[in-house]
Amino acid sequence: MPQRTSPHNHSHTAAKTQDNWEALTLSQLEERLECTPDGLTSAEATQRLNQNGYNELAEVESSVLLKFLSYFWGPIPWMIEIAAILSAVVQHWADFGIILTLLIVNAVIGFWEEFQAGNAIAALKSKLALGARVKRDGKWQQVPARELVPGDRIRIRLGDITPADARLLEGDPIEVDQSALTGESLPVTRNANDSIYSGSIVRQGETDALVYGTGANTFFGRTANLVQGTNTTSHFQKAVLKIGDFLIVIAVVLVVLILIVAMFRGDAITTSLQFALVLSVAAIPVAMPTVLSVTMAVGARLLAKGETIVSRMAAIEELAGMDVLCSDKTGTLTKNSLTLGEPFLLDGVTKAEILRAAALASRAEDQDAIDLAVLAGAKEAVDGELPTVEHYQPFDPVNKRTEALYHAADGTDCRASKGAPQVILALAPNADEIQAAFDEAIDGFARRGFRSLGVAKTDASGQWQVLGVLPLFDPPRDDSATTIAQAKEMGCDVKMVTGDQVAIGREIAGQLNIGNNLIDAKIFQNVDYHNSARIDQMIEDADGFAQVYPEHKYHIVDVLQKHGHIVGMTGDGVNDAPALKKADCGIAVSGATDAARAAADIVLLSPGLSVVIDAIREARKIFQRMNSYAIYRIAETVRVLLFMTLSILVFNFYPVTAVMIVLLALLNDGAILSIAYDRVHYSDRPEKWNMPLVLGISSVLGLAGVVASFGLFYLAERVFHLEADTIQSLIYLKLSVAGQMTIFATRTRGPFWSIAPAKPLLLAVLGAQTVATLVATLGIFMTPIGWKMAGLVWLYALAWFLVNDRLKLIAYRIFDPNEDPWLDKAGTPLHRLMERFRR
């Protein structure tokens, strides 16, 4: 980036060289940074940005060449490379050329797909970049946090992740969680003139601060190794990797058996070893990691179209199996557009008086939903301008109220406060006298679905006087009831979690058909979380929870997980972060705080719960694609390995050459990547791996393929009396064509025609098999068989494909009798057709 020169460059370039900022007093710091209370000008900010660089840590980018070369290093590449070397030793140059081609093509495909997936994920994550409230040109504005520079005046508040190292200016103390940086388990208090570090989370309070360190020149930057995230492996990935390990074990056992027999027969050791190595390459699922990453990346891009950003790729897989969703109420199930109703007034209090006090205890610039509703409702009732607020104490989850200090017309200091009704009531010296009327008003509002907001102010003597209660109504979103009904149809139970009163929660839950079994979170008080079987069962059976605190949310998720559920949790506040992190799939809703977004696996950019349902559908489609691939891959391994092993052991005949095996692996693995784009139907119930079913179906298809291969071998040798070289070409074409036809059987639970394949999959398979057919007919690296014989092989493979598809349906009835394999969607035309056929 070009450097600007300035006579003052010495001041802010110091940010790059000085490490003793904390030793300076606030006035010295302001002088060194050359800043004013009105903040920097836009020109100054641009100059300092050019001088100091962006407020971000420079990522260590590995060499593209080294990344590409890494695909030639590892167990599978080593096996291919050894096979190539052995081919050169025995001077089988055709084999050497094709094996080398396989090695390079696999590396190119793997590198390119990972590169594309990485670009897609980076583009999506860029949408999650933090913002900062900064004062420039004398006014507050929102800018990307990466554009902050030393000397900027920023405002931080509850739920914010501090965007840079800064010094707190005059104001109230704040509570800061810096456990990710320093290891301190509890929030610490920071006062005016104290430093606050980039990456720490504001747990309580609000204040202004002066930036003095950005990017690599922050505490976070100097200790980045302490906060590196770990890569988690989901249930889904573990299952797929276990399948890969299973296939490798089968391959190794059978290959070792072939080598032992070859040695006893006196076959050339180099030829046998080369064949065994190449056979292993064909059997081992080389493409499995690539298929997995491509499928996840494609899914992430599709979710992004629905304004759903995935920050942890494994979360897509967890969504497929999610069977309980704990949903926040405000802003998720409701519109989060509060409207003010007619207030309850205590004796002698006017409507204008209570609205005036509530407006004074509100702050428009914080963009808080309650504050905006109060200010909008009070606009007409308040005559003239409100007095200037000298000090404002923002809301926090502990105190549960806001407070403003202002000067009355006579010059005396007065205070106004609004917040949780019981907290406001506790301020008044006559609380006992007004308790009954207060409670009755609150209960009345709650039964109608209104939230209550207590309002109080101090009188001339400085004592608090409760004015009354303001009702706030947050109506349900128009799509919430339909969305919840869809979730339940999909086997995902929705439990509402709210901090509101039980009556309010029950009213909203009734309107949305969630259920009326709402639990008051008071039951968690004085409960030993490790020995609470009765409470655990209540959590299991509940439709929702009211008056919930952050630790309650965490415990709710923990209990449901221990009961075997895959749990999703939505949230938007800093107090939701622990539960979002704990959940199998934490979902930060639209408008969530930085802390909630940082803790979540998925971030919603559009409001409401419907986008979550769309994400669940997409995740289940991804699961279906991977399940299809798993069955296909196991079936093909059984088919090829068992057929080859029996042919060599029983008939002492190598049915295909090493080059043919390499071509099989090259064409089939390349084409199968397109399964990431396949058209599938999502399941109406949470997905989970049924390994007995997967192994059962794949074994049936694999064994049927072995029978079909020996059938062709019998016809070619005993009926048509073909030469051994020609038989090998026939077997190669049959294995290639029939092998990729298998994917069209495994991709559906019903008949293969029940779901039309996606165009990319169809074209990829047709393209690969066209090449395989040309190779066999023209005799490239093998004996030519001609077009007539190739056509007969295609007809033979197609006939067996139809048989295999019927065997698949029978196998589903045997291994999963509770599920009707003829149907992909109940109620569809296929469903009605099959019912008529069976009757």
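Please treat every number below as a calculation from the coordinates, not as lab data. The shown structure was predicted, so the numbers you read here are calculated from the model rather than taken from an experiment. Quick reminder, even Gly has a Cβ in these numbers, built from the backbone with ideal geometry, and neighbours come from all protein chains shown.
What to note about this one:
- Using θ = phi - 60° and Karplus 6.51 cos²θ - 1.76 cosθ + 1.60, couplings along the stretch 477-490 (whole Hz; Gly, Pro as x): 5, 4, 9, 5, 4, 5, 5, 5, 4, 5, 4, 5, 4, 8
- Count Lys and Arg as plus one, Asp and Glu as minus one, and take only other residues whose Cβ is under 9 Å from that of GLY462; the net charge is then -1.
- Shown for the stretch 342-473 is the translational diffusion coefficient from the Stokes-Einstein equation, using the Kirkwood radius over Cα pairs, a temperature of 4 °C and a viscosity of 1.567 mPa s: 88 µm²/s.
- Each of MET626, ALA600, LEU642 was scored by the projection of its Cα onto the charge dipole of the stretch 571-723, and the greatest displacement toward the positive side belongs to LEU642; charges sit on the C-beta of Lys, Arg, Asp and Glu.
- Rh by Kirkwood over Cα pairs, then Stokes-Einstein D for the stretch 612-662 at 1.567 mPa s and 4 °C, µm²/s: 96 µm²/s
- Residues with amide H under 5 Å from that of ALA132, placed H, sequence gap 5 or more: VAL143, ALA145
- With neighbour counts taken as other beta-carbon atoms within 10 Å, the residues SER198, SER647, SER590 rank, fewest first, as SER590, SER647, SER198.
- Computed Rg/Rh of the stretch 453-592, alpha carbon atoms with Kirkwood Rh: 1.04
- For the stretch 152-167, 3J(HN,Hα) computed residue by residue from phi via the Karplus equation (6.51, -1.76, 1.60; θ = phi - 60°) reads 6, 9, 10, 10, 10, 8, 3, x, 6, 8, 4, x, 7, 5, 8, 10 Hz, glycine and proline entered as x.
- Over all Cα atoms in the stretch 395-510, the spread is summed up by Rg and Dmax: 18.5, 64 Å.
- Taking every C-alpha pair closer than 8 Å and separated by at least 6 residues, the mean separation divided by the residue count of the stretch 342-473 gives a relative contact order of 26 percent.
- For GluC sites (Glu not before Pro), the sites in the stretch 638-742 that DSSP calls loop and that have at most 16 other Cβ atoms within 10 Å are GLU723.
- Backbone HN-Hα couplings from phi across the stretch 251-256 [Karplus 6.51/-1.76/1.60, Hz, Gly and Pro as x]: 4, 4, 4, 5, 5, 4
- Around the amide H of VAL324, modelled in the peptide plane, lie the amide H atoms of ASP493, ILE566, GLY568, all under 5 Å away and 5 or more residues distant in sequence or on another chain.
- Exceeding the 19 Å Cα-Cα cut-off - candidates LYS329/LYS495; LYS351/LYS457; LYS329/LYS562: LYS329/LYS562
- Neighbours of GLN728 by Cβ distance under 13 Å: Lys/Arg scored +1, Asp/Glu scored -1, total -2.
- Amide H partners (placed H, <5 Å) of TYR549, local residues excluded: none
- Cross-link partners of LYS759 among lysines (Cα-Cα below 27 Å; sequence separation of 8 or more within a chain): LYS305, LYS621, LYS734, LYS808, LYS825
- Computed over the alpha-carbon pairs of the stretch 299-388, the distance histogram in 10 Å steps reads 13, 29, 21, 15, 15, 7, 0 percent, short to long.
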